[in-house]
Amino acid sequence: MSNRTFTMIKPDAVEHGHIGSILEKINSAGFKIIAMKYTKLSLEKAEKFYEVHSERPFFNELVTFMSRGPIVAAILEKENAVEDFRKLIGSTNPAEAKEGTIRNLYATSMGENAVHGSDSDENAAIEGSFHFNSSEILS
Ligand code: IDP
Ligand code: MG
């Protein structure tokens, strides 16, 4: 599964009208979309998705933000997908994200940082199956 990663275009980027521009960056960087949906997380689903962060001080802020509006969820395929996608999105804090990265271009704060990208092959698989069943993944 090392050729797959999972992403979400977060509510801030959807609200600001950046879905098209972000998908264009993803395509241009050579990622193939093998599953995609426009959806909205309930508070409960956001809490489950970000369970690993439940002890962090920003947890409530994070799950309230992630459930406040629609998102785009997608599974992406490319050689070295997880690492290459983290490079494409840039640092968690947009002030530290390299020029031209998605977070540098579209994020507004540490919390409202436009996109999610899985941090390991294992989490990419877990996060992908959180949002998609096997019949929705068209590889
Ligand atoms: P990542 O998305 O770059 O992997 P993580 O440390 O896994 O960053 O944090 C998950 C998400 O939690 C971030 O993308 C961001 O939306 C939010 N977050 C992280 N740190 C903070 C913070 O200090 N304040 C508010 N939200 C944060
Ligand atoms: Mg993370």
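Each value in this text was obtained by applying a stated rule to the coordinates, not by laboratory testing. Predicted model only: the values in this text are computed from it and were never measured. Note: ideal-geometry Cβ built from the backbone for every residue, glycine included; neighbour counts use all protein chains shown.
Convex hull volume of the C-alpha atoms in the chain, normalised per residue: 99 Å³.
Here the extension length gained between Glu44 and Met110 equals 21.5 nm, from 0.36 nm per residue of separation less the Cα-Cα distance.
Contact order, relative form, for the chain: 38 percent (alpha carbon pairs under 8 Å, 6 or more residues apart, mean separation divided by residue count).
Descending by average beta-carbon neighbour count within 10 Å, the peptides 16-22, 56-62 line up as 16-22, 56-62, the highest first.
Shown for Val115, Val14: other C-beta atoms within 10 Å of each C-beta, ranked fewest to most, produce the order Val14, Val115.
The calculated FRET efficiency for Ser129 paired with Lys98, based on their beta-carbon distance and R0 = 22 Å, is about 0.10. Relative to one another, the C-alpha centroids of segment 8-58 and segment 94-139 are positioned 6 Å apart.
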